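Chemist: Structure in structure tokens, see below.
The values are calculated or read from the model by the stated rules, or taken from the named source; none is laboratory data. Predicted model, so just to flag it, every value in this text is computed and none were measured. FYI the Cβ positions are ideal-geometry reconstructions off the backbone, even for glycines, and counts take in every protein chain you see.
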């Protein structure tokens, strides 16, 4: 057993650069797991700066000075942030408040519809099953109400955290964009001089992760805006909330579209019933999903992520369980990083007996 372990270690960790890369990966994951909550504003600012670095590079290619390019991009970022806070957030809050007020009436109407099922389909469902279903719905509604009450009571610390984010994150984004080379040189000064393997993996992953994150961010915006326009044109209630949900659903492959379909269908059924308007809604929603999967995704992601669907689902479950929304968002880039490291990892072939 010891010989097997020694041969395995000699094959995969005989290269000094491989040991350094493994140590950096372990330290990076450990830092995010243990200090992620405290460093959340820093990580958020780093992600946003990474998203905007491509636009800064494009402006620099137009012969603009670096500080001018950074200032223009930062001004655009602050304008979009102000538009989000002054226009979109109040709209979402109004629709969310209206939905909370409408939930008891919606649940009551659905319960009355469920009570009619044993009369129409006595061979398929019984009164006892309907009562169990209504009791379960009432219990879940009660839990949701308790959660909403506790959330409202603890909203003051949340508001303080939001204010901290609104102050710190823009400052961090500006300095990450402005001093990118200085911060990068400082970090590289602590790495070994011989870092060919680290550089190769970093260059490959920088390109792939940049393309993926920026493409996914654009996909979220396009899907959300197009969905809101379509739902508002059809007159669907809570169009902004549902459009936000549909936009964020593209983050989770395969599962997100299915999960987002449920509230869209339920709101449509509650508003119009099983009518022509509801069928139009579902047809428009199906067209949006089809165009997203077959047109938008191939255009945005020029380099397809060559990962098996099982690997993607496992990555979403694993990293989502570790880091929540950001873990889900970065699940595919992290899985691609893991695959790139495995492919680039140096392996020393062992000599066979008699050779």
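Chemist: Scan the stretch 60-70 for residues that are surrounded by fewer than 17 Cβ atoms within 10 Å (Cβ to Cβ) and part of a helix (DSSP H, G or I) and jot them down.
Modeler: Within the stretch 60-70, 60, 61, 66, 67, 68 qualify.
Chemist: Identify, please: which residue in the stretch 221-246 is within 24 Å of residue 334 (Cα to Cα) and surrounded by 21 or more Cβ atoms within 10 Å (Cβ to Cβ) and is, among those, farthest from the chain's Cα centre (by Cα)?
Modeler: Here the answer is 223.
Chemist: Next question. Taking into account only those residues within the stretch 176-195 that are modelled with pLDDT of 85 or more and buried (at least 16 other Cβ atoms within 10 Å of the Cβ), which is nearest to residue 73 (Cα to Cα)?
Modeler: Only one residue tops the list, namely 177.
Chemist: Among 46, 103, 86, which is the only one that is at pLDDT 80 or above, closer than 25 Å to residue 231 by Cβ, within 29 Å of the chain's Cα centre (by Cα) and in a helix (DSSP H, G or I)?
Modeler: Selected residue: 86, the only one of 46, 103, 86 that is at pLDDT 80 or above, closer than 25 Å to residue 231 by Cβ, within 29 Å of the chain's Cα centre (by Cα) and in a helix (DSSP H, G or I).
Chemist: Residues that are without any contact (Cβ under 8 Å) to a residue 12 or more places away in the chain: which helices (runs of 4 or more DSSP H) entirely in the stretch 155-262 hold 3 or more of them?
Modeler: 155-178, 180-188, 196-234
Chemist: Here is a list: 213, 198. Which entry is closer than 18 Å to residue 57 by Cα, surrounded by 18 or more Cβ atoms within 10 Å (Cβ to Cβ) and modelled with pLDDT under 90?
Modeler: Of 213, 198, the one residue that is closer than 18 Å to residue 57 by Cα, surrounded by 18 or more Cβ atoms within 10 Å (Cβ to Cβ) and modelled with pLDDT under 90 is 213.
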